[in-house]
Amino acid sequence: MTISKQAAAEKYTKRIFESIKERDPAEVEFHQAVEEFLTTITPALIKDSKFEQNAILERLTEPERLVSFRIPWVDDHGKVQVNRGFRVQFNSAIGPYKGGLRFHPTVNSSIVKFLGFEQIFKNALTGLPIGGGKGGSNFDPKGKSDEEVMRFAQSFMTELAKHIGPNTDIPAGDVGVGPREIGFLFGQYKRMTGAFHAGSLTGKGLGYGGSLARTEATGYGVVYFTTEMLKDYDMKIKDQKVVVSGSGNVAIYAMEKAIHLGATVIGCSDSSGYIYDPDGIDVDTVKQIKEVERKRISEYPKHHKNATFTANKSVFELKCDIALPCATQNEIDEKIAKLLIKNGVKAVAEGANMPSTLEAIKTFQDNHIPFAPSKAANAGGVAVSALEMAQNSARLSWHFEEVDHELQKIMRNIHTRTSVIAKEYGEEGNLIVGANIAGFLKVADAMIAQGVI
Ligand code: NDP
């Protein structure tokens, strides 16, 4: 008896997913990222049997390399502390591994694998020659002195340096890793290698090889992507009420660009709660509190009399037209998704990685809410990181406007490509399908061309 191509493709993805769960049963975030991916790429598997013949899914879901290491360091009281470090080098089919480092107490192998897996396809979508990687540590920079962060970063890099390089693997920032941490990491790498490898890390300071507009790139890119998506529904971001979660790098610059384009941002958050400002959030105040003073977002109402702070609640309980989750994974579950819809949300775009659970995504889709998945919407950061590498290689520094212009072009292209592919594969408007299949095809074809490695 012959089985249909559809059934064969589903059998293949099911087999892969079951084997992943069996091998690493505790890696729930990784399972979630893989499940979202596998359930959307069936149309590509149906169209061509070469992917199964070449065991592409088996190879794609197994990192090329995962290193884990000890990071001993001495705190300000002279006490020895030990953290755990990771680097996952997931896939190098289209270029050297590229992806950020996250310093947060929740970091473990599941988190770095989910982030590294997503990074493969995100990087492919940018159209630039970069493979997928990610890393980090369960170190918590919050409440640490600059000296402690430096000693930790130096110890972390002492191990990481064995695995990275400008043509091998180029880390960058992520949660908990900003310009301060990148500076310490870069300094240690330079010291260890005895050479100024500008292209060894991205997100560097402007005085030593960083790119203008890299700080802004992820947040601005999310808003550029959102405006493209809204056009398909005859909507504009101008005059819309926007709510953003988080108040870190991605959130701040998403707010800034949304405001530039005429939206009113009424709320943002951090892990302690959210602020609501009916007059519109003042981004300069948020920058001062979060970037300069490194304090809690609850400080904001001290500077703006009509603003309020609500502890330990989701910012998405605020009524808004556009929701931009820019904080962390799984911050929007089914319940919050339903609340957003009840409150009239018109579009959702993911600035954070995997901020919506699978149930939340289904809820948005069932209610026909335009939805921009993180792989596509937040690719602006890594895209400008690749432009930073290009500037480093050419020993040039481009103007802000030049980089921003390239970023806009890249985000437009990602939107076009994901929309076209979604339509081609019979799922018009489903940008999750579009992003996953577009990224998959590029990487899978490169893997097949390079043989069984
Ligand atoms: P930051 O560390 O700069 O900021 C993270 C923000 O999210 C902080 O305001 C933090 O609050 C907040 N946050 C963390 N957990 C929660 C929570 N449970 N509830 C509410 N707020 C929370 O990180 P980034 O802005 O760089 O990264 C944010 C997201 O974007 C991550 O998913 C990251 O992987 C993704 N991303 C980042 C890119 C980049 O270029 N930076 C590129 C692509 C994706 P607190 O200060 O209290 O910890």
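The values are calculated or read from the model by the stated rules, or taken from the named source; none is laboratory data. Predicted model, so just to flag it, every value in this text is computed and none were measured. Every residue, glycine as well, gets a Cβ built from its backbone with ideal geometry; the counts of neighbours run over all protein chains shown. Just the protein is used for accessible areas: all its heavy atoms, side chains included, with ligands, DNA and RNA removed. Shrake-Rupley method; radii C 1.70, N 1.55, O 1.52, S 1.80 Å.
Just to be sure before I move on: is residue 313 touching a strand residue (DSSP E or B) at 6+ places or on another chain (Cβ under 7 Å), outside any helix (DSSP H, G or I) and either open to solvent by 80 Å² or more (accessible area, probe 1.4 Å) or free of Cβ contacts under 8 Å to residues at least 12 places away in the same chain (or both) in the structure I sent?
Details: touching a strand residue (DSSP E or B) at 6+ places or on another chain (Cβ under 7 Å): yes; outside any helix (DSSP H, G or I): yes; either open to solvent by 80 Å² or more (accessible area, probe 1.4 Å) or free of Cβ contacts under 8 Å to residues at least 12 places away in the same chain (or both): yes.
For residue 313, the condition - touching a strand residue (DSSP E or B) at 6+ places or on another chain (Cβ under 7 Å), outside any helix (DSSP H, G or I) and either open to solvent by 80 Å² or more (accessible area, probe 1.4 Å) or free of Cβ contacts under 8 Å to residues at least 12 places away in the same chain (or both) - is met.
Test of understanding: among 372, 379, 349, 337, which residue is open to solvent by less than 70 Å² (accessible area, probe 1.4 Å) and farther than 30 Å from residue 97 by Cα? Before you say what the answer is, go through the steps one by one.
Working: 372 fails: farther than 30 Å from residue 97 by Cα; 379 fails: farther than 30 Å from residue 97 by Cα; 349 fails: farther than 30 Å from residue 97 by Cα.
So the residue among 372, 379, 349, 337 that is open to solvent by less than 70 Å² (accessible area, probe 1.4 Å) and farther than 30 Å from residue 97 by Cα is 337.
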The lone exception for residue 158 - which of (1) free of Cβ contacts under 8 Å to residues at least 60 places away in the same chain; (2) within 16 Å of the ligand (Cβ to nearest atom) it fails: (2)
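Going through 274, 233, 220, 253 one at a time, which residue ends up being in contact with a strand residue (DSSP E or B) (Cβ under 8 Å, 6 or more places away or on another chain) and within 14 Å of the ligand (Cβ to nearest atom)? Talk me through it step by step, then tell me what you get.
Working: 233 fails: within 14 Å of the ligand (Cβ to nearest atom); 220 fails: in contact with a strand residue (DSSP E or B) (Cβ under 8 Å, 6 or more places away or on another chain); 253 fails: in contact with a strand residue (DSSP E or B) (Cβ under 8 Å, 6 or more places away or on another chain).
Only one candidate passes the filter, namely 274.
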Conditions (1) open to solvent by 10 Å² or more (accessible area, probe 1.4 Å); (2) part of a helix (DSSP H, G or I); (3) away from the ligand (no atom under 14 Å from the Cβ): number failed by residue 287: (3)
Criterion violated by residue 319 - all others in (1) in contact (Cβ under 8 Å) with a residue 40 or more places away in the chain; (2) within 15 Å of the ligand (Cβ to nearest atom); (3) of a type in the set (Lys, Arg) satisfied: (2)
Scope region 262-284; condition part of a loop (DSSP other than H, G, I, E, B) and in contact with a Lys or Arg (Cβ under 6 Å, 6 or more places away or on another chain); matching residues: 262, 272
Residue pairs meeting the criteria (Cβ under 7 Å; at least 6 apart or on separate chains; first under 9 Å from residue 334 (Cα atoms) and away from the ligand (no atom under 16 Å from the Cβ), in region 353-382; second polar (S, T, N, Q) and not in a strand (DSSP E or B)): 358/32
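With 225, 186 as the choices, which residue is more than 25 Å from residue 369 (Cα to Cα) and of a type in the set (Phe, Trp, Tyr)? Please lay out each step first, then the result.
Working: 225 fails: more than 25 Å from residue 369 (Cα to Cα).
None of the other options fit; the residue is 186.
From the list 171, 129, which one is under 18 Å from the mean Cα position of the chain (by Cα) and surrounded by fewer than 17 Cβ atoms within 10 Å (Cβ to Cβ)?
On the way: 171 fails: surrounded by fewer than 17 Cβ atoms within 10 Å (Cβ to Cβ).
After applying the criteria, what remains is 129.
Confirm whether residue 114 is within 19 Å of residue 20 (Cα to Cα) and within 16 Å of the ligand (Cβ to nearest atom).
It is true that residue 114 is within 19 Å of residue 20 (Cα to Cα) and within 16 Å of the ligand (Cβ to nearest atom).
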Failed item in (1) within 12 Å of the ligand (Cβ to nearest atom); (2) modelled with pLDDT of 95 or more; (3) surrounded by fewer than 16 Cβ atoms within 10 Å (Cβ to Cβ), with residue 294 passing the rest: (2)
Region 174-203: number of residues that are within 13 Å of the ligand (Cβ to nearest atom), in a loop (DSSP other than H, G, I, E, B), within 16 Å of residue 385 (Cβ to Cβ) and open to solvent by 10 Å² or more (accessible area, probe 1.4 Å): 3
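Can you tell me how many residues within region 382-401 are open to solvent by less than 20 Å² (accessible area, probe 1.4 Å) and charged (D, E, K, R)?
From region 382-401, those open to solvent by less than 20 Å² (accessible area, probe 1.4 Å) are 382-388, 391; that's our starting set.
Subsequent filtering for residues that are charged (D, E, K, R) retains 388.
Of the residues in region 382-401, 1 are open to solvent by less than 20 Å² (accessible area, probe 1.4 Å) and charged (D, E, K, R).
Does residue 349 fit the bill of being modelled with pLDDT of 95 or more and farther than 23 Å from residue 233 by Cα?
The answer is no for residue 349.
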Selected residue (only one of 143, 133, 95, 127 is under 26 Å from residue 438 (Cβ atoms) and within 16 Å of the ligand (Cβ to nearest atom)): 133
Test: residue in region 243-250 that is in a strand (DSSP E or B), out of contact with any Phe, Trp or Tyr (no Cβ under 9 Å at 6 or more places or on another chain) and open to solvent by less than 40 Å² (accessible area, probe 1.4 Å): yes
Total residues in region 204-219, condition part of a loop (DSSP other than H, G, I, E, B), crowded, with 19+ Cβ neighbours inside 10 Å and either modelled with pLDDT under 95 or not aliphatic (A, V, I, L, M) (or both): 4
